[in-house]
Amino acid sequence: MATVRKRHTASGDTRWDVRYWDPQRRQRTRTFQRKIDADKFANLVETDIARGEWLDPDLAKETFGDWASRWLLTTRGRAPKTRERYESTLRRHLLPRFETTPVSRITHPAVLALLADLDSSGSSLHTARNVRAVLRLVLELARRSGAIRVNPVDGATLPMPPPTEMVFLTADQIATLASEVANRHSAGNGRAGTIHPDYGLLVRFAGFTGLRAGEIVALRTAAIDTMRGRVHVLASATEAYGRIHVGPPKTKQRRSVPIPKSLVDELTQHLAGKGESDFVFTSAQGEMLRYSNFYRRHFKPAVSRAGLPEATRFHDLRHSFAALLIAEGAHPKAIMEWLGHSSIQVTLGTYGHLFPNLEASLVDALDEVYRSAQLIEVATVSSIER
């Protein structure tokens, strides 16, 4: 219960102290010059505590920068690349704007103004969505801790980004791309082109197993079962803070993917002389492959030389693998398992639009079954009549 007490200062002025116990049983005091204000506050704080809506005034005074630091500590279990993205978003977009602002003074209009400024400065929708997401997470920690009553980011919506355009390559296009990656042409500066047959094999391997880039980088020789023609996906690599980090696959689930026999033969030759703990694909210096360097120096230039769509990404080799499986009549469950999707809904949501292409052949097959059944019925009736 809040109490209001009158007191006189050393200068003879009158002050009114409101004393109350917060939900953590700590005594607090707030002083007013007028009794009416003290009474009003006492009633309000009693009501807030009774309803569980009381806010800690000390926490409310803490700055966004303080809460951001506190929130980052809660992300230590996240992947290094994710944490690096969080820190970059805070450093580039949020701390310059709100670092010294008390969280209680970050309003909904202030959030809308930030998003509007991002748009007017030419930032992508992807960047704006990242900024909004991190801002909301930091302020949600403040809300749950009792510093603010509502999260001012709630209701600050952004349009959904357009779906990423997937490029589906044919088997011949994958082979052409692999050849261009393997045979790096001269840069036009008088130096001869270089040959990287291992990189060509890497592209073919990606196109006909559907492994993610990080899974290929982390792949060790022991994970390739050439006798059974399978690759066991046990780990994935990401680059963050200038280093390569190896962890579990994206969905945290290990899986086994079949390898076409001709590709197994190539891999057998490639792996000759390697130890079981050696990486399957390495840099030209024999070190762990940095995907970012491979992509920039080898893959994208080869895309241009191969005459493929400019938007072609390495990840489109994975999409192309899925399309090849669908064209061969693979069941969605098998595609889900080979690609390592978390659920069949992810598989159908990503590639469902490719399955209608099989409609004509399915209808023809059903027609054949139907006509066969009719012939059996006619033969049965004729036999009975005789």
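Figures for the structure shown
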read-out: Cβ-based charge dipole, the chain, positive-most Cα from Tyr86, Ala142, Ala327; value: Ala142
read-out: Per-residue [θ]222 nm for the chain (sum of -39500 (n - 2.57) over DSSP H runs n ≥ 4, rounded to 500); value: -14500 deg cm²/dmol
read-out: Spatial extent of segment 3-54: Rg and Dmax, with the Cα atoms as the point set, Å; value: 12.0, 39
read-out: Mean separation of Cα contacts under 8 Å, 6 or more apart, over the residue count of the chain: relative contact order %; value: 12
read-out: Cα-based convex hull, segment 130-259, per residue volume (Å³, whole number); value: 216
read-out: Cross-link partners of Lys35 among lysines (Cα-Cα below 21 Å; sequence separation of 8 or more within a chain); value: Lys6
read-out: With Cα atoms, 0 to 90° folded angle of helix 80-89 axis to the chain main axis; value: 50
read-out: Rg and Dmax of segment 284-349, Cα atoms only, in Å; value: 15.2, 42
read-out: Hypothetical label at Ile49: residues of segment 21-42 whose amide nitrogen lies under 15 Å (7 Å Cα-Cβ projection); value: 21-31, 39-42
read-out: Cα gyration tensor shape for segment 241-286, rounded if a/c is under 1.5, else prolate or oblate; value: oblate
read-out: Between segment 60-127 and segment 295-337, the Cα center-to-center distance that results, in Å; value: 35
read-out: Computed label-point distance, nm, for sites Lys6 and Arg254 using a 7 Å Cα→Cβ extension; value: 7.9
read-out: Where Rh is the Kirkwood radius over Cα pairs, Rg/Rh for segment 1-144; value: 1.13
read-out: Nitroxide proxy distance, nm - points 7 Å out along Cα→Cβ at Arg296 and Val369; value: 5.4
read-out: Which listed pairs, of Lys274/Lys333; Lys40/Lys61; Lys61/Lys81, have C-alpha distances above 24 Å, in listed order; value: Lys274/Lys333; Lys61/Lys81
read-out: Segment 287-359, relative contact order [Cα under 8 Å, separation at least 6], %; value: 22
read-out: Rounded to 10°, Cα long-axis angle of helix 35-51 versus longest principal axis of the chain; value: 30
read-out: Segment 63-144, Cα convex hull volume normalised per residue, Å³; value: 83
read-out: Largest-first principal axis extents of the Cα set of segment 171-341 (Å); value: 50, 35, 34
read-out: The chain: Cα Rg divided by the 2.2 N^0.38 Å rule of thumb; value: 1.50
read-out: Dipole magnitude of segment 63-144 about its Cα centre (Cβ charges: Lys, Arg +1; Asp, Glu -1), debye to nearest 20; value: 340
read-out: Virtual spin-label span in nm between Ser342 and Thr101, 7 Å along Cα→Cβ; value: 3.1
read-out: FRET efficiency estimate (nearest 0.05) - Cβ-Cβ, Glu310 to Phe355, R0 22 angstrom; value: 0.20
read-out: ³J(HN,Hα), Karplus 6.51/-1.76/1.60, whole Hz, each residue of segment 313-318, x for Gly, Pro; value: 10, 4, 5, 5, 5, 5
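Laboratory data are not the source of any read-out in this text; all were calculated from the coordinates shown. Note that the coordinates shown come from a computational prediction; the quantities given were computed from them, not determined experimentally. Don't worry about glycine lacking a Cβ; one is built from the backbone with ideal geometry, like all the others, and counts go over all protein chains shown.
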